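Participant: Have a look at this one.
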Amino acid sequence: MEIIFKNPTPAYSKLLTQLVTDCFASKLSAHDATMWGPAATAEAEIRLGWLDFANSANEILISAAELRSSLNAAHVNEIVLCGMGGSSLAPELISEWCNVPFTVLDATHPTQVLEQTTKNLSHTAVVVSSKSGTTAETRAHLAAFEAAFATQGIAAHERIILITDPGSQLEVYGRSQGYQMFLADPHVGGRFSALTAFGLVPPTLAGAELGPLVNDAEAALRTCLKDDAANPALQLAAALLSNPKAFIAAIAPNSHEYHFLGDWIEQLVAESTGKDGKGVLPIAVQNNSPEFAADVLEHVWRIHLPEKPDHELAANEIAVVGDVGAQLVVWMVATAAIGYLLRLNPFDQPDVESAKVAARSALAESSANSIAAPLDAAAVTALGAQLPTLTANADYLMVQVFGPRTALSMTALAALRNQLATTLGIPVAANFGPRYLHSTGQFHKGGRGTGAFLQILVLPAADCDIPDGTGNTFWQLVRSQAAGDAAVLRDKGCNLLTVITDDLASVAVNLTHSNDG
Ligand SMILES: O=P(O)(O)OC[C@H]1O[C@](O)(CO)[C@@H](O)[C@@H]1O
C-alpha cells in the first residue's frame, strides 16, 4: 500500500505531523471514541467495530460458503442483492473485482424493479441487506420479491436471505417468515461495513473466495494503525486536506476491476465528511474524463487507483496504490482521520434524514399528483441553455437521474457528464436516484453548499405497485424521493433544474446541444 503525491507542500507536512504527534492512529486502534469531540463521542462509541473485522471475517466466510453450497446443490446460482448505500456498494465492488456474476438492485424505478422481479427466478436467491432494517427502498424491494416468488410458485423462505443488525425490525420480520439470516456487527456503520457480513456475504454467495482479500485488508490495517509519517492512511488524509481550496476529488479507476471502487469511496468520504458546511466530495469518473484532461482546477484533486504505480504524476494528482483489500482499509482510516482534522463527526449523516422526511410527505400527497408529460427536444435544449447561468456561482454540478440504472443508461449518463464538464468547465458529479441519496446526498445538503443540481426524471413505460399494503407504487416512490430532495436543496438556496423525459440518451444530446457553442 502506497500513497504517491508529488511535491508535498508545507501544509501537507503540517497535517501529517499533527496526525502523528496527536497519536491519531494508535488512539483509533484503541477505539478512543473521544477523538472527534464531545458531540461525536456517543456515536463513535458504537461505530468503531470495523477495526475488528479480522475477529469475525473467517467465520462469516465459512457460513456464507456453506450456504452457497446448499444453494448451488438446489441449482440456485444467481444472486440479486437489494440494499442501499453501504449495504450494496462494497459487495458490488468486491463481486466485480472477483469477476463473479452479481446483480445489485438499488433503484426504485419501476422499469428496473419489473425487470428484476418478472424474470424467471428459478435459479435466483435474493439477498436483502439493511443494517437498520427500515430503509424504505430495501423494504419495498423485499415486498416486491416476496410477491414475485409467490407468483412463480417458489417458496420465499428458500430464496430470501437477510443481512441486518441484531434486533432490527427486519430481523424480527425475517424470523417470522423463516428467512435465512446473517446478523452483522451493530457497532459498525453502513459505510464502514465493507469487511463485515454486509460486504463479504453477498459476493461469497455469488462464488467469490474472499480469504486473500481479507488477509490483504488485515495487513493494510496493521500499517494504517501506526503513528508513523509513512502510514498511507494518514498521508492520504493529509494530502486531501493540504490544499484548503481543493475539496473535490475526481477519482478514476486504473483498471476495469476497480470500476466500482470510486462509487464506494463516494459514499464513504462524502457521507462521512460532508457536514457542518465542510467536507470532501469524491466524484467517480473515468480517467479519460475532462477533470483529468483539463487545465488544473484549483479545487479539484485527481486521484488514481492503481494496483501498482503506473505513471508519473502531475502537481494536483494523488495515486492510492494497492489491492482492493488495502484500498478498503486505507480509505476508511483516512476518512476517520479527515473527520478528526476537520473536527466533525464522521459517523453520522444528519442531512440524509431531511430528504427522507420531505420524500415521505411528498409520497403522502403523490397519489393526487398527475404525472407530468415528457419535455420535447426544444424544451430540453432551452433548459440546457440555462445551465451556464444555473452553475455560474457553483463549484460543481450534480446530475441526478431518477431512471433505471442499466449498462445503457450508465453509458448515456457518463457521456452527458463528460460533455457537461467540458462545456461548463466545472467538475460534474453524476449518479442515479435514489442511489446517490445514500451516497453523496449528505454532502450536497450538509457540506459546502456550493453545488448546482440537474434532476432528470425518466418516465417509466409501466408502473408497478409496492406490494406492502401502503397502496403506493414504485413510480410514486421515485417521484417523491426526487421531489423531496429537490425541496431540501432549494431550501438550502441551491439552484436546481428538473427535466422530465422518457429517453435519457436523447435528453443527454438535447441538453448539451445549446452548450456546444
Ligand atoms: O443499511 P441501511 O440501514 O438500509 O442503510 C442504507 C444506507 O442508508 C444510510 O443510512 C443513509 O444514506 C447509509 O448510511 C446506509 O449505508
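Participant: Where does region 380-421 land on Rg/Rh, using Cα atoms and the Kirkwood Rh?
Facilitator: Checking Rg against Rh, the ratio lands at 1.00.
Participant: I would also like to ask the following. Mind scanning 308/445; 14/356; 226/356; 226/308; 6/245; 27/131 and naming the pairs with a C-alpha gap bigger than 29 Å?
Facilitator: Those over the limit are 308/445; 14/356; 226/356.
Participant: Using the Cα centre of region 1-97 as origin and beta-carbon charges of +1 (Lys, Arg) and -1 (Asp, Glu), tell me which of 87, 9, 21 is placed farthest towards the positive end of the dipole.
Facilitator: Highest projection toward the positive end goes to 9.
Participant: Let me ask something additional. Obtain the nm distance between the two label points defined at residue 122 and residue 209 by a simple spin-label model: each point lies 7 Å from its Cα along the Cα-to-C-beta direction.
Facilitator: 3.0 nm
Participant: Sticking with this one: Quick one, what does Rg over Rh come out to for region 462-508 if you take C-alpha atoms and the Kirkwood Rh?
Facilitator: Here the Rg-to-Rh quotient is 1.08.
Participant: Rounded, prolate or oblate: pick one for region 160-208, where a ≥ b ≥ c are the square roots of the eigenvalues of its C-alpha gyration tensor, a/c under 1.5 means rounded, and failing that, prolate if a/b is larger than b/c, else oblate.
Facilitator: oblate
Participant: Still on this model: Hey, got the dipole for region 350-511? About the Cα centre, +1 on K and R Cβ, -1 on D and E Cβ, debye to the nearest 20?
Facilitator: Once rounded to the nearest 20, the dipole reads 420 debye.
Participant: Output ³J(HN,Hα) for region 169-174: one whole-Hz value per residue in order, computed from phi by the Karplus curve 6.51 cos²θ - 1.76 cosθ + 1.60 with θ = phi - 60°, and x for Gly and Pro.
Facilitator: Each residue of region 169-174 in turn: 4, 5, 4, 4, 5, x Hz.
Participant: So what is log10(I(q)/I(0)) for the chain at q = 0.05, 0.10, 0.12, 0.13 1/Å, when the Debye sum runs over its Cα atoms only?
Facilitator: Taking Cα atoms of the chain as identical point scatterers yields -0.18, -0.76, -1.12, -1.31.
Participant: OK, next. If amide hydrogens are placed 1.01 Å from N in the peptide plane, which non-local residues have theirs closer than 5 Å to the one on residue 497?
Facilitator: Long-range HN contacts for residue 497: 453, 454, 455.
Participant: How much FRET efficiency would the formula 1/(1 + (r/R0)^6) give for residue 55 and residue 152, where r is the Cβ-Cβ distance and R0 is 60 Å, rounded to 0.05?
Facilitator: Result of the calculation: an efficiency of 0.90.
Participant: For a quick protection proxy, order the peptides 273-280, 165-172 by their average other-Cβ count within 10 Å, most packed first.
Facilitator: Going from most to least packed, we get 273-280, 165-172.
Participant: Can you pull the one-decimal nm distance between simple spin-label points at residue 173 and residue 465, each 7 Å off the Cα toward Cβ?
Facilitator: Each label point lies 7 Å from its Cα, and together they span 1.7 nm.
Participant: Still on this structure: Can you give me the distance in nm between label points at residue 298 and residue 373, each placed 7 Å from the Cα along the Cα-to-Cβ direction?
Facilitator: 4.9 nm
Participant: Further question on the same structure: Hey, what do the phi angles of region 29-40 turn into as Karplus ³J(HN,Hα) couplings, whole Hz, using 6.51/-1.76/1.60 and θ = phi - 60°, x for Gly and Pro?
Facilitator: Each residue of region 29-40 in turn: 4, 8, 6, 6, 7, 8, 5, 9, x, x, 5, 9 Hz.
Participant: How much length is gained on full extension from residue 308 to residue 382, taking 0.36 nm per residue of separation minus their Cα-Cα distance?
Facilitator: 22.0 nm
Participant: Sorted by accessible area with a 1.4 angstrom probe, largest first, how do 228, 485 fall?
Facilitator: Highest to lowest solvent-accessible surface, that is 228, 485.
Participant: Oh, and also: Return, for the Cα atoms of region 13-166, the radius of gyration and Dmax in Å, separated by a comma.
Facilitator: When restricted to Cα atoms, region 13-166 yields Rg and Dmax of 19.8, 64 Å.
Participant: Further question on the same structure: Please work out whether region 340-445 counts as rounded, prolate or oblate from its C-alpha gyration tensor, where a ≥ b ≥ c are the square roots of the eigenvalues and a/c under 1.5 means rounded, while otherwise a/b larger than b/c means prolate and anything else oblate?
Facilitator: oblate
Participant: Also: To the nearest 20 Debye, how big is the dipole of the chain about its Cα centre, given +1 on the beta carbon of each Lys and Arg and -1 on that of each Asp and Glu?
Facilitator: Once rounded to the nearest 20, the dipole reads 760 debye.
Participant: Could you pull the accessible area for residue 464 with a 1.4 Å probe, rounded to 10 Å²?
Facilitator: 20 Å²
Participant: Once you keep just the Cα pairs under 8 angstrom separated by 6 or more residues, what percentage relative contact order results for region 50-212?
Facilitator: It comes to 34 percent, rounded to a whole number.
Participant: Shape verdict for region 165-258, please, from the Cα gyration tensor: rounded (a/c under 1.5), prolate (a/b greater than b/c) or oblate.
Facilitator: Note, shape of region 165-258 comes out prolate.
Participant: Before anything else, pin down the relative contact order of the chain: Cα pairs under 8 Å, at least 6 apart, normalised by residue count, whole percent.
Facilitator: 19 percent
Participant: Now a separate question. Please list the non-local residues whose amide H lies under 5 Å from the amide H of residue 301, H modeled 1.01 Å from N, same-chain partners needing a gap of 5 or more.
Facilitator: 248, 249, 250
Participant: Still on this structure, please answer the following. Using only helices, what value at 222 nm comes out for the chain when you add -39,500 (n - 2.57) per DSSP H run of length 4 or more and divide by the total residues, to the nearest 500 deg cm²/dmol?
Facilitator: Mean residue ellipticity, 222 nm, calculated: -14500 deg cm²/dmol.
Participant: Specify the inter-centroid distance of region 277-305 and region 447-517, based on alpha-carbon positions, in whole Å.
Facilitator: Spelled out, the Cα-based centre of one part sits 24 Å from the other.
Participant: Using a 1.4 Å probe, what is the accessible area per residue for region 50-212, in Å²?
Facilitator: 34 Å²
The values are calculated or read from the model by the stated rules, or taken from the named source; none is laboratory data. Values in this document were obtained by computation on a predicted structure and should not be read as measured data. Glycine gets a Cβ as well: all are built from the backbone with ideal geometry, and neighbour counts include every protein chain shown. These accessible areas exclude ligands, DNA and RNA; they are computed on the full protein's heavy atoms, side chains included. Shrake-Rupley method; radii C 1.70, N 1.55, O 1.52, S 1.80 Å.
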